[in-house]
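Rule-based calculations on the coordinates, nothing more; no lab input. Since the model is a prediction, treat every value here as computed from it, not as a measurement. All Cβ positions, even for glycine, are placed from backbone atoms using ideal geometry, and neighbour counts span all protein chains on display.
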Amino acid sequence: MIGAEILDFYPYAEAESGSVRVPTGQAYGCDLWSETILVGSAEIVATFERGPMAGEPAILRHRYGDGEVFYVGTRLDEAGMAWLLDVASARAGISVPHRFPTGVEAVRRVGPGARFVFLLNHTDHAVELKLEVPGIDLLSGLKTTDRLKLLPRDVAVVREDKAPGWR
């Protein structure tokens, strides 16, 4: 499925880390482990730049069935994961309208005649979020505008108002 074979892995020591260089020239941190990858039919998307696997493949892309598989042979830092998700989303034709702050989880569910956004603040501080569509917070019963404040460890479930272009 991944167009490669994983030959071995190298666990990093607690204070050890590496980096991965992507085609844009940007380098992202990695830690926890790195893998020795024997590339077959996969395309190398990024290589280890620093660490015990320097110069070796780190991220692969491989066509499989009607789609693609991305394989990551390490644990990327937050910025590296954001880059990879942007690349994979763009290749899949998925638009990401905007991002919420680190530590905020957002999931949209669509049902007949209604759309819901579940928002979870996993942080220890309050956050103010910019919403795409106003609605009603079903947990508090309060109407939301384009802004919503979540306290530390807070949750909101917003039923979005109908917006132009809804199906």
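The helix-only estimate of mean residue ellipticity at 222 nm for the chain, built from DSSP H runs of length n ≥ 4 each weighted as -39500 (n - 2.57), is -3000 deg cm²/dmol after division by the residue total.
Remark: spin-label model distance residue 27-residue 104 equals 3.3 nm, labels positioned 7 Å along the Cα→Cβ axis. Ordering 122-132, 80-90 by mean Cβ neighbour count within 10 Å, with the highest value first, yields 80-90, 122-132. I need the P(r) histogram for the range 104-160: all alpha carbon pairs, bin width 10 Å from 0 out to the longest distance, whole percents. P(r) for the range 104-160, in whole percents per bin: 25, 59, 15, 1.
If you take all other residues with their beta carbon under 13 Å from the beta carbon of residue 87, and give Lys and Arg +1 and Asp and Glu -1, the sum is -1.
A Förster radius of 25 Å combined with the Cβ-Cβ distance from residue 95 to residue 147 puts the calculated FRET efficiency at roughly 0.70.
Can you give the Rg to Rh ratio for the chain, taking only C-alpha atoms and Rh from Kirkwood? Radius of gyration relative to Kirkwood radius: 1.08. Rounded to the nearest angstrom and listed largest first, the equivalent-ellipsoid semi-axes of the range 4-92 from its Cα gyration tensor are 21, 16, 10. Nearest 10 degrees is fine. How inclined is helix 78-92 to the longest principal axis of the chain, computing both from alpha carbons? Helix 78-92 sits roughly 80 degrees off the main axis of the chain.
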